[in-house]
1. Can you give the relative contact order of the range 71-228 as a percent, counting alpha carbon pairs under 8 Å and 6+ residues apart?
2. Let's test the formula: R0 of 41 Å, r as the Cβ-Cβ distance of residue 54 and residue 131. What FRET efficiency results, to the nearest 0.05?
3. Once you sort the root eigenvalues of the Cα gyration tensor of the range 136-193 as a ≥ b ≥ c, which label holds: rounded (a/c under 1.5), prolate (a/b larger than b/c) or oblate (the other case)?
4. Using r as the Cβ-Cβ distance of residue 173 and residue 122, and R0 as 41 Å, what FRET efficiency do you calculate, to the nearest 0.05?
5. Which order do peptides 198-206, 60-68 fall in by mean Cβ count within 10 Å, highest first?
6. Given labels modelled 7 Å from the Cα in the Cβ direction, how far is it in nm from residue 38 to residue 98?
7. Compute the distance from the alpha-carbon center of the range 128-179 to that of the range 56-108, in whole Å.
8. Ranked highest first by the average count of other Cβ atoms within 10 Å around their residues, in what order do 184-192, 111-119 fall?
């Protein structure tokens, strides 16, 4: 084989690697361009075909959680669904989670911190009461990020479906349908949905909001760091984490440098 033929063969194989979308190497620019006109169902279908048993999704059983849980399981019924239970969720969240699990027959995988709430409080105190960024980040790392990383490893996840939307936080406005976060690809089928789209989907399929929705909550997490929306709030995520930050850490880049950069911008 001549040198020129070797180069041609290499280029051909490289092009195939990009356009066949082998998940050992994904050209995110090409993928996101191809998915730009796809609907949510098509994005989920692509993800399922591309990653097969290495595709998972996450849920917090929050206000609008029923949308993603229903949307995804209509296409991939047995997909592993990771729920990180912090141990500080409202009673209503646990009941809501059980109701959706039963109704949708969810393949739920529950993960918790190795540090119990009582032990964490004994060592570090009630971190959420300190209301500073370092304390809240430590809380999120212990109760949310580390359990999620363990779940991703245990389930050998290569890709992760999540229900992030662009209109939720400044950080999320910059995301694409397919992003890379650490060793996994993050896939966001409802990224461009509006609150109206969410409402219409819930209504169409007779799906419930979280019970706290009727109490004025637009976002709900742990009982100590969530509150109803008020007229003084500029963003729905202001109702979380005492307004100190908008992200819990699960959906942020995992390197220290990137996290610090984002934290400095109050993301």
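Bear in mind that the values in this text are calculations on the coordinates, not laboratory data. Keep in mind that this is a model prediction, so the values were computed, not measured. Quick reminder, even Gly has a Cβ in these numbers, built from the backbone with ideal geometry, and neighbours come from all protein chains shown.
1. Once normalised by length, the contact order is 21 percent.
2. 0.60
3. Since a/c reaches 1.5 but b/c is at least a/b, the shape of the range 136-193 is classed as oblate.
4. Approximately 0.55, to the nearest 0.05.
5. 60-68, 198-206
6. Spacing of the two 7 Å Cα→Cβ label points: 3.7 nm.
7. 16
8. 184-192, 111-119
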